[in-house]
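Asks: Questions regarding the structure given below will be posed in turn.
The values are calculated or read from the model by the stated rules, or taken from the named source; none is laboratory data. Keep in mind that this is a model prediction, so the values were computed, not measured. Here the Cβ is made from the backbone with ideal geometry for all residues, glycine too, and neighbour counts use every protein chain on show.
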Amino acid sequence: MTEPMPATLFSKIWDAHVVAQRGDGKFLVYMDRNMLDEVRAPHVFARIEQQGLRLRRPDLTFAVQDHSVATRPGRNDTTRPDSTDIIRATRQAAHTHGVRLFDLDDPEQGISHVVAPELGMVLPGATHACADSHAATVGALGALAFGCGSTELEHILTTQTMALARPATLRLTLHGRLDHGVTAKDVILHAIARLGVDGARGAVVELTGSAVAAIPVEGRFTLCNMCTEMGARSALSAPDDAVFQWLAGRRMAPRGAAWDQALARWRTLRSDDDAIFDTELDVDCAGLEPQVTWGTDPSQSIGISAPVPDIGTAPPGREAAWRRALDYMALTQGAPIAGMPINRAFIGSCTNARLTDLESAAAVLRGRKVAPQVHAIVVPGSMTVRREAEACGLDQVFKAAGFEWHESGCSMCAGGSGARANPGERIMSTSNRNFEGRQGRDVRTHLASPAMVAAAAIAGRIVDVRPMLEGRP
Amino acid sequence: MTQPFTIVTGIAAPLLLDDVNTDQITPAQASRSLHPDYAAAWFSRWRLDAQGNAVPDFVLNKPHYRDAAILVTGENFGCGSAREGAVWAMVARGIRCIVARSFADFYRANCIQNGVLPVVLAGDAMPRFETLVQDVAGRAPFTVDLQAQRVTGPGDQHFGFAIDAAERTLLLEGLDDIGLSLKHKTEIDRWERKTASEQPWLQAIPS
């Protein structure tokens, strides 16, 4: 008898979900859970109706209002008049097609990539399709998630499958002990700086190594989330006891005997020792400092004590892009990044707005005040996170420090909820993209961890959070 | 069904930048409407200043590139979001083919879905092609022939390209992706029944 071929975690999930191979060579891969937001939903449902088709599994499909909703407390459909139509059309379409909607006033509303795992909707070994590039966030549970465009979403909703070519695999090993004050966001910004914004293009990334194992489950969502910024098709990490513990008892997770049966299966969800990946990369995180981006793509990131890099050190062919980025960001090569004054601080987004993210920011803010010239907001990743944070008094910490305490949505990440900065303003943001104009015309975005954003809000300028964590002013 | 792609002849416009992202192609704010004006959103942050006036220096505003059908660009084109509006804006502007040094994955997939041909030239032809496009400067058209897998410029200069056979067929014949997959309905039914018995938690969600 021959031994089975060693398999990667990806291929275990992929192979178990391949339904058929189409005549054109593409694989039909079954999607266990679908999710869509109000920016795509009206168009996609209308297209399905026009073609005389229907949803195959409305019971496995969820809709959410997240991208364009207002987040100030007391919001409603018309708080943001330019989003009113899509919010209402999404509500109508979800009702017509029998899809569970996390609506504006729903106690479980939030950002799709936060809501899906926290409700136990997405599970280890499951596949998940979401019409958004950050779908891979949920890979931290050991799920295989794919983002997609609107037309692909029509296919998914009507067939419950995605038609895909088998993607390449990339194992990214992150190792080294993380210093106090260094978080998942710092690790992944560092990795992107090392590997580039197309360093994982088209690949399914498996994150592994001592640094990943040491990061709590909610931080692993941050890692998987930001693999998108390296061009990854998807990202995941093997589920461990920390993941199972995190999932146990969540509303849509299996219970009782079904939980035990699922758990036995989930424990096999890891790459076999001799599994072969198309690419192997590793990044050392020992001695890593808190990171902050200086440019206009997420790979343009440095440690807090480093100077803004010289254009001469740009990767080959990227010199012009670096010059353009420095120009846009109004930074000088060779000058320290620490000390740059900021106008705004944003804690939120699918990258960094879970309970542990809010806790790490609150640890910095406790007993301190936001600098008077800084406008600071915190937008929990979901209304569930918001309630949990309130239950442990975090809202009081944020408010006492001078942060606005918002309801949930994507908010300032893409300037979607009316919360947008003014031209020329500099913002420290826990989101995932520092692209030109993303947070408003001529707005200068610096990406960083929640703790670093909190520290900058206090100081009124970009600073190292570590002295504050040690209780120094 | 998407419009089939066979041969496109038109002006080629050079946007020779790397990592052009979806926020630059169509700002996210453009999609907050039931019927977005994608032609207006197309590169709006670069085409227009804060007052809404055309930025004359921006290459795609130059009169000789205004009616371009072919966009020529750098590495990792379309990185960022999965939003399909960033391709619909190309369609709205009459761009039927994008020749890039490389494409971001989501963007490339969305191009195929909309009958926009994503081309990466074979070998090391790209620098030569970019120079030709700049030299021609909109004075003469280029022809993209998917059947022949070839881009032809003035003076009969040919540039070959490779494309996945399945994608080539889908583009040439017009795409009915859902129709192709629904032929496998029996297999999907069977997969669901098997999974419902082996991993019931995947097929039914506790309410």
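Asks: Being surrounded by 24 or more Cβ atoms within 10 Å (Cβ to Cβ), in the same structural domain as B:GLU167 (by TED's automatic domain parsing) and modelled with pLDDT of 95 or more narrows it down to one residue among B:ALA86, B:ALA82, B:ALA69, B:ALA137; which is it? Steps first, please.
Replies: Values: B:ALA82 fails: modelled with pLDDT of 95 or more; B:ALA69 fails: surrounded by 24 or more Cβ atoms within 10 Å (Cβ to Cβ); B:ALA137 fails: surrounded by 24 or more Cβ atoms within 10 Å (Cβ to Cβ).
None of the others qualify; the one that does is B:ALA86.
Asks: Related question: For the stretch A:1-20, which residues satisfy the criterion of being surrounded by fewer than 16 Cβ atoms within 10 Å (Cβ to Cβ) and closer than 21 Å to A:ALA203 by Cβ? Working first, answer last.
Replies: Kept after step one, since they are surrounded by fewer than 16 Cβ atoms within 10 Å (Cβ to Cβ), are these residues of the stretch A:1-20: A:1-6, A:15.
Once the filter is applied, which keeps residues that are surrounded by fewer than 16 Cβ atoms within 10 Å (Cβ to Cβ) and closer than 21 Å to A:ALA203 by Cβ, the stretch A:1-20 yields A:MET5, A:PRO6, A:ASP15.
Asks: For the stretch A:387-421, what are the residues that are among the small types (Gly, Ala, Ser), closer than 14 Å to A:HIS67 by Cβ and either in the same structural domain as A:ALA135 (by TED's automatic domain parsing) or not in a helix (DSSP H, G or I) (or both)?
Replies: Step one: list which residues in the stretch A:387-421 are among the small types (Gly, Ala, Ser), which gives A:389, A:391, A:393, A:400-402, A:408-409, A:411, A:414-419, A:421.
From what's left, closer than 14 Å to A:HIS67 by Cβ: A:408-409, A:411, A:414-419.
Within the stretch A:387-421, A:SER408, A:GLY409, A:GLY415, A:GLY416, A:SER417, A:GLY418, A:ALA419 qualify.
Asks: Can you tell me which residue within the stretch B:14-46, out of those that are acidic (Asp, Glu) and assigned to a loop (DSSP other than H, G, I, E, B), is farthest from A:ALA70 (Cα to Cα)? Break it down stepwise before answering.
Replies: Taking the stretch B:14-46 as the starting set, the residues that turn out to be acidic (Asp, Glu) are B:18-19, B:23, B:37.
Then drop every residue that is not assigned to a loop (DSSP other than H, G, I, E, B), which leaves B:18-19, B:37.
Values: B:ASP18: 34, B:ASP19: 30, B:ASP37: 22 Å.
The selected residue is B:ASP18.
Asks: Checking the condition under 24 Å from A:LEU101 (Cα atoms) and free of Cβ contacts under 8 Å to residues at least 40 places away in the same chain, which residue from A:GLU359, A:GLU388 passes? Give the steps one after another, and end with the answer.
Replies: On the way: A:GLU359 fails: under 24 Å from A:LEU101 (Cα atoms).
Residue meeting the stated conditions: A:GLU388.
Asks: Continuing with this model, one more query. If you take the residues in the stretch A:139-152 that are assigned to a helix (DSSP H, G or I) and within 17 Å of A:SER237 (Cβ to Cβ), which one is nearest to the other protein chains (Cβ to nearest Cβ)?
Replies: Step one: list which residues in the stretch A:139-152 are assigned to a helix (DSSP H, G or I), which gives A:139-141, A:150-152.
Within this subset, residues satisfying the condition of being within 17 Å of A:SER237 (Cβ to Cβ) are A:139-141.
On the way: A:GLY139: 15, A:ALA140: 18, A:LEU141: 13 Å.
Once the filter is applied, the top-ranked residue is A:LEU141.
Asks: Is it the case that some residue within the stretch A:317-326 is within 14 Å of chain B (Cβ to nearest Cβ) and of a type in the set (Phe, Trp, Tyr)? Talk me through it step by step, then tell me what you get.
Replies: In the first step, residues of the stretch A:317-326 are kept if they are within 14 Å of chain B (Cβ to nearest Cβ); the result is A:317-325.
Subsequent filtering for residues that are of a type in the set (Phe, Trp, Tyr) retains A:322.
Yes, the conditions are met somewhere in the stretch A:317-326.
Asks: Now for a different question. Give the residues of the stretch A:197-217 that are out of contact with any helix residue (DSSP H, G or I) (no Cβ under 7 Å at 6 or more places or on another chain) and touching a residue at least 60 places away in the same chain (Cβ under 8 Å), sorted by residue number.
Replies: A:ALA203, A:THR208, A:GLY209
Asks: Looking only at the stretch B:104-127, which residues are without any contact (Cβ under 8 Å) to a residue 12 or more places away in the chain and either assigned to a helix (DSSP H, G or I) or surrounded by 20 or more Cβ atoms within 10 Å (Cβ to Cβ) (or both)?
Replies: Within the stretch B:104-127, B:ASP105, B:ALA109, B:PRO127 meet the criteria.
Asks: So, in the stretch B:166-207, how many residues would count as being aromatic (Phe, Trp, Tyr) and either more than 8 Å from chain A (Cβ to nearest Cβ) or closer than 20 Å to A:ALA163 by Cβ (or both)?
Replies: The first filter runs over the stretch B:166-207 and keeps only residues aromatic (Phe, Trp, Tyr), leaving B:191, B:201.
Next cut, either more than 8 Å from chain A (Cβ to nearest Cβ) or closer than 20 Å to A:ALA163 by Cβ (or both) only: B:191.
Going through the stretch B:166-207 one residue at a time, the tally reaches 1.
Asks: If I go through the stretch A:422-463 residue by residue, how many of them are closer than 17 Å to A:GLU289 by Cα and either assigned to a helix (DSSP H, G or I) or within 11 Å of another protein chain (Cβ to nearest Cβ) (or both)?
Replies: 7
Asks: For A:ALA41, which of the numbered conditions (1) at the interface with chain B (Cβ under 10 Å from one of its Cβ atoms); (2) within 24 Å of B:TYR38 (Cα to Cα); (3) small (Gly, Ala, Ser) fails to hold?
Replies: For A:ALA41, the failing item is (1).
Asks: Can I ask one more? Restricting to the stretch A:287-325, what's the tally of residues that are in contact with a Lys or Arg (Cβ under 6 Å, 6 or more places away or on another chain) and in contact (Cβ under 8 Å) with a residue 24 or more places away in the chain? Give the steps one after another, and end with the answer.
Replies: Start the filter on the stretch A:287-325 by keeping residues that are in contact with a Lys or Arg (Cβ under 6 Å, 6 or more places away or on another chain), which leaves A:311.
Imposing the further condition that a residue be in contact (Cβ under 8 Å) with a residue 24 or more places away in the chain reduces the set to none.
Looking only at that region, the number is 0.
Asks: Regarding the stretch A:245-261, can at least one residue be identified that is at pLDDT 95 or above, more than 14 Å from every other protein chain (Cβ to nearest Cβ) and within 25 Å of A:ASP284 (Cβ to Cβ)?
Replies: No: the stretch A:245-261 contains no residue that is at pLDDT 95 or above, more than 14 Å from every other protein chain (Cβ to nearest Cβ) and within 25 Å of A:ASP284 (Cβ to Cβ).
Asks: In the set A:VAL397, A:VAL374, A:VAL385, which member is under 19 Å from the mean Cα position of the chain (by Cα) and among the aliphatic types (A, V, I, L, M)?
Replies: Working: A:VAL397 fails: under 19 Å from the mean Cα position of the chain (by Cα); A:VAL374 fails: under 19 Å from the mean Cα position of the chain (by Cα).
A:VAL385 is the lone residue from the list that is under 19 Å from the mean Cα position of the chain (by Cα) and among the aliphatic types (A, V, I, L, M).
Asks: If you check A:ARG177 against the conditions, is it surrounded by fewer than 23 Cβ atoms within 10 Å (Cβ to Cβ), outside any loop (DSSP other than H, G, I, E, B), more than 11 Å from chain B (Cβ to nearest Cβ) and out of contact with any helix residue (DSSP H, G or I) (no Cβ under 7 Å at 6 or more places or on another chain)? Quick ask: steps written out before the conclusion?
Replies: On the way: surrounded by fewer than 23 Cβ atoms within 10 Å (Cβ to Cβ): yes; outside any loop (DSSP other than H, G, I, E, B): no; more than 11 Å from chain B (Cβ to nearest Cβ): yes; out of contact with any helix residue (DSSP H, G or I) (no Cβ under 7 Å at 6 or more places or on another chain): yes.
No: the conditions fail for A:ARG177.
Asks: Looking at the structure I just gave you, is A:ARG166 assigned to a loop (DSSP other than H, G, I, E, B) and modelled with pLDDT of 95 or more? Even if it seems obvious, please write down each step before you answer.
Replies: On the way: assigned to a loop (DSSP other than H, G, I, E, B): yes; modelled with pLDDT of 95 or more: yes.
Answer is yes for this residue.
Asks: Specify which of the listed residues (A:ARG40, A:ARG47, A:ARG91, A:ARG33) is touching a residue at least 40 places away in the same chain (Cβ under 8 Å), of a type outside the set (A, V, I, L, M, F, W, C) and surrounded by fewer than 23 Cβ atoms within 10 Å (Cβ to Cβ).
Replies: A:ARG47
Asks: Which residues, counting only those in the stretch B:1-35, are within 11 Å of another protein chain (Cβ to nearest Cβ), over 22 Å from B:ARG108 (Cβ atoms) and not hydroxyl-bearing (Ser, Thr, Tyr)?
Replies: Across the stretch B:1-35, the qualifying residues are B:GLN29, B:ARG32, B:LEU34, B:HIS35.
Asks: Of all residues in the stretch A:58-80, count the ones that are surrounded by fewer than 16 Cβ atoms within 10 Å (Cβ to Cβ) and within 10 Å of chain B (Cβ to nearest Cβ).
Replies: Number satisfying all stated conditions: 1.
Asks: Would you confirm, using the coordinates I've provided, whether B:ALA68 is in contact (Cβ under 8 Å) with a residue 24 or more places away in the chain, small (Gly, Ala, Ser), away from chain A (no Cβ under 13 Å) and farther than 26 Å from A:ALA131 by Cα? Talk me through it step by step, then tell me what you get.
Replies: Numbers: in contact (Cβ under 8 Å) with a residue 24 or more places away in the chain: yes; small (Gly, Ala, Ser): yes; away from chain A (no Cβ under 13 Å): yes; farther than 26 Å from A:ALA131 by Cα: yes.
Answer is yes for this residue.
Asks: Continuing with this model, one more query. Has the stretch A:153-172 got any residue that is within 13 Å of chain B (Cβ to nearest Cβ), of a type in the set (S, T, N, Q), within 15 Å of A:ASP37 (Cα to Cα) and touching a helix residue (DSSP H, G or I) at 6+ places or on another chain (Cβ under 6 Å)?
Replies: no
Asks: Take A:LEU104 and tell me if it is of a type in the set (A, V, I, L, M) and within 18 Å of A:VAL39 (Cβ to Cβ).
Replies: On the way: of a type in the set (A, V, I, L, M): yes; within 18 Å of A:VAL39 (Cβ to Cβ): yes.
Answer is yes for this residue.
Asks: OK, next. For the stretch B:71-92, what are the residues that are closer than 20 Å to B:GLN134 by Cβ and free of Cβ contacts under 8 Å to residues at least 60 places away in the same chain?
Replies: Step one: of the stretch B:71-92, the residues closer than 20 Å to B:GLN134 by Cβ are B:71-75, B:77.
If the condition is that a residue be closer than 20 Å to B:GLN134 by Cβ and free of Cβ contacts under 8 Å to residues at least 60 places away in the same chain, then B:LEU71, B:THR73, B:GLY74, B:GLU75, B:PHE77 are the ones that fit.
Each row is one residue, and each column tells you yes or no for (1) within 16 Å of the chain's Cα centre (by Cα); (2) within 27 Å of A:ALA165 (Cβ to Cβ); (3) not charged (D, E, K, R).
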{"position": "A:VAL187", "(1), (2), (3)": "yes, no, yes"}
{"position": "A:GLY231", "(1), (2), (3)": "yes, yes, yes"}
{"position": "A:GLN261", "(1), (2), (3)": "no, no, yes"}
{"position": "A:ALA275", "(1), (2), (3)": "no, yes, yes"}
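Asks: Of the residues that sit in the stretch A:327-339 and are more than 26 Å from the chain's Cα centre (by Cα) and in a loop (DSSP other than H, G, I, E, B), which one is farthest from the other protein chains (Cβ to nearest Cβ)? Spell out how you get there, then give the answer.
Replies: Narrowing the stretch A:327-339 to residues more than 26 Å from the chain's Cα centre (by Cα): A:327, A:330-336, A:339.
Then keep just the ones that are in a loop (DSSP other than H, G, I, E, B); that gives A:330-335, A:339.
Values: A:ALA330: 16, A:LEU331: 18, A:THR332: 22, A:GLN333: 19, A:GLY334: 23, A:ALA335: 24, A:GLY339: 28 Å.
Per the stated criteria, the residue is A:GLY339.
Asks: Anything in the stretch A:408-421 that is in contact (Cβ under 8 Å) with a residue 60 or more places away in the chain, within 11 Å of chain B (Cβ to nearest Cβ) and not aliphatic (A, V, I, L, M)? List them, or say none. So that I can check it myself, show each step before the final result.
Replies: Of the residues in the stretch A:408-421, the ones in contact (Cβ under 8 Å) with a residue 60 or more places away in the chain are A:408-414, A:416-419, A:421.
Then drop every residue that is not within 11 Å of chain B (Cβ to nearest Cβ), which leaves A:410, A:413-414, A:416-418.
Residues satisfying the conditions are A:CYS410, A:CYS413, A:GLY416, A:SER417, A:GLY418.
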